[in-house]
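Q: I have a structure here, written as structure tokens, and I will follow up with some questions on it.
The values are calculated or read from the model by the stated rules, or taken from the named source; none is laboratory data. In this text the structure is predicted, and so the values were computed from the model without any measurement. All Cβ positions, even for glycine, are placed from backbone atoms using ideal geometry, and neighbour counts span all protein chains on display. Ligands, DNA and RNA are excluded from the accessible area calculation, which covers all protein heavy atoms including side chains. Shrake-Rupley method; radii C 1.70, N 1.55, O 1.52, S 1.80 Å.
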Amino acid sequence: MKTNRIFSIMNVVSWIVFIGLCIKAGSIIFVAILSLFVNKSATENLYMGMDFSNLYDFSVNHYTFTVLFLILITCLKTYIFYLLIKIFKNLNFQKPFAKSIVDLIFKISYVSLSVGLVGVAANSYITWLRSKIFFTSINIDSSAYIFMAGVVFIIASLFKRAAEIQSENDLTI
């Protein structure tokens with residue numbers, strides 16, 4: 001009974017984070033499009049106080065790449081929570097080690113690794129850009145996502161083995 005309650009709470013929290021990340025991604029995309037095609041002054045408050053006006057004045061191409069990095073990372077994080085919501089939707093406590101759940105956990109691992117690698121690339125690019133021009137500092141914690149990818153991959157591997165054992169037990173009965 002307690003486990004079901006915890007899973008229900010985690011499902012609700014996952015939905016809240018998913019919706020928040022969708023709003024963040026949508027806001028960044030909307031303001032980026034607005035700043036590129038309608039009004040340059042939108043660069044002064046891209047999202048939650050990020051001021052990229054100096055970067056935009058320096059180079060529209062660098063501004064576009066930086067914003068694309070932000071959008072890609074936010075969308076990948078959103079996708080992680082979408083996959084987590086799918087896990088909660090497909091989870092069956094009678095047979096918890098289903099192949100569909102294992103596949104979703106592996107996907108979360110790969111997407112987490114993608115967030116980490118894109119974050120490393122974005123941090124390197126932003127560090128290089130900040131040596132050329134001053135603009136709002138962005139801290140993308142990519143190492144946490146790389147570590148998370150490793151941990152989730154190990155868990156997915158354990159789930160895969162448990163699914164194989166569960167399948168063998170179903171065949172022997």
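Q: Residue check: is SER109 open to solvent by less than 40 Å² (accessible area, probe 1.4 Å), under 27 Å from SER8 (Cα atoms), of a type outside the set (Val, Ile, Thr) and out of contact with any Cys (no Cβ under 6 Å at 6 or more places or on another chain)?
A: yes
Q: Then there's this: Give LYS160, LYS95, LYS99, LYS132 a once-over and let me know the one that is under 29 Å from ASN45 (Cα atoms) and basic (Lys, Arg).
A: Exactly one of LYS160, LYS95, LYS99, LYS132 is under 29 Å from ASN45 (Cα atoms) and basic (Lys, Arg), namely LYS132.
Q: Can you tell me which of (1) out of contact with any helix residue (DSSP H, G or I) (no Cβ under 9 Å at 6 or more places or on another chain); (2) among the hydrophobic types (A, V, I, L, M, F, W, C); (3) open to solvent by less than 70 Å² (accessible area, probe 1.4 Å) is the one VAL38 doesn't meet?
A: Among (1) out of contact with any helix residue (DSSP H, G or I) (no Cβ under 9 Å at 6 or more places or on another chain); (2) among the hydrophobic types (A, V, I, L, M, F, W, C); (3) open to solvent by less than 70 Å² (accessible area, probe 1.4 Å), the lone unmet condition for VAL38 is (3).
Q: So which residues in segment 98-141 are at pLDDT below 80 and more than 17 Å from the chain's Cα centre (by Cα), if there are any at all?
A: PHE134, PHE135, THR136, SER137
Q: Also, quick follow-up: Just need a number here: residues in segment 123-161 that are exposed (fewer than 14 other Cβ atoms within 10 Å of the Cβ) and farther than 20 Å from TYR110 by Cβ.
A: Matching residues across segment 123-161 total 9.
Q: When MET48 is evaluated against the numbered criteria (1) outside any loop (DSSP other than H, G, I, E, B); (2) more than 17 Å from the chain's Cα centre (by Cα); (3) surrounded by fewer than 14 Cβ atoms within 10 Å (Cβ to Cβ); (4) among the aliphatic types (A, V, I, L, M), which criterion, by number, is the only one it fails?
A: Among (1) outside any loop (DSSP other than H, G, I, E, B); (2) more than 17 Å from the chain's Cα centre (by Cα); (3) surrounded by fewer than 14 Cβ atoms within 10 Å (Cβ to Cβ); (4) among the aliphatic types (A, V, I, L, M), MET48 violates only (1).
Q: Quick check, is ILE80 without any contact (Cβ under 8 Å) to a residue 12 or more places away in the chain and out of contact with any strand residue (DSSP E or B) (no Cβ under 9 Å at 6 or more places or on another chain)? Break it down into steps so the answer makes sense when it comes.
A: Details: without any contact (Cβ under 8 Å) to a residue 12 or more places away in the chain: no; out of contact with any strand residue (DSSP E or B) (no Cβ under 9 Å at 6 or more places or on another chain): yes.
Criteria not met by ILE80.
Q: Taking segment 1-45 as the region of interest, how many residues are touching a residue at least 40 places away in the same chain (Cβ under 8 Å) and among the aliphatic types (A, V, I, L, M)?
A: Residues meeting the conditions: 6.
Q: To continue, here is another question. Look through segment 72-93, keep the residues that are of a type in the set (Ser, Thr, Tyr) and open to solvent by less than 20 Å² (accessible area, probe 1.4 Å), and return whichever of them is farthest from GLN166 (Cα to Cα).
A: THR74
Q: Could you please find all residues in segment 83-132 being in a loop (DSSP other than H, G, I, E, B) and closer than 22 Å to VAL151 by Cα? Explain how you work it out, then say what you get.
A: Quick first cut of segment 83-132, residues in a loop (DSSP other than H, G, I, E, B) only: 91-98.
The answer is LEU91, PRO96, PHE97, ALA98.
Q: Taking segment 1-35 only, how many residues are of a type in the set (Gly, Ala, Ser) and open to solvent by 50 Å² or more (accessible area, probe 1.4 Å)?
A: Selection size over segment 1-35: 1.
Q: OK, next. Quick one: is LYS2 touching a helix residue (DSSP H, G or I) at 6+ places or on another chain (Cβ under 7 Å), farther than 17 Å from PHE69 by Cα and basic (Lys, Arg)?
A: Against the criterion (touching a helix residue (DSSP H, G or I) at 6+ places or on another chain (Cβ under 7 Å), farther than 17 Å from PHE69 by Cα and basic (Lys, Arg)), LYS2 does not qualify.
Q: Now for a different question. Regarding segment 69-80, can at least one residue be identified that is closer than 23 Å to VAL118 by Cβ, touching a Phe, Trp or Tyr at 6+ places or on another chain (Cβ under 6 Å) and in a helix (DSSP H, G or I)? Walk me through it before giving the result.
A: Applying the first criterion (closer than 23 Å to VAL118 by Cβ) to segment 69-80 yields 69-80.
Next cut, touching a Phe, Trp or Tyr at 6+ places or on another chain (Cβ under 6 Å) only: none.
No, every residue in segment 69-80 fails to be closer than 23 Å to VAL118 by Cβ, touching a Phe, Trp or Tyr at 6+ places or on another chain (Cβ under 6 Å) and in a helix (DSSP H, G or I).
Q: Considering segment 134-164 alone, what residues qualify as being hydrophobic (A, V, I, L, M, F, W, C) and in contact (Cβ under 8 Å) with a residue 40 or more places away in the chain?
A: PHE134, PHE135, ILE138, ILE140, ALA149, VAL152, PHE153, ILE155, ALA156, PHE159, ALA162, ALA163
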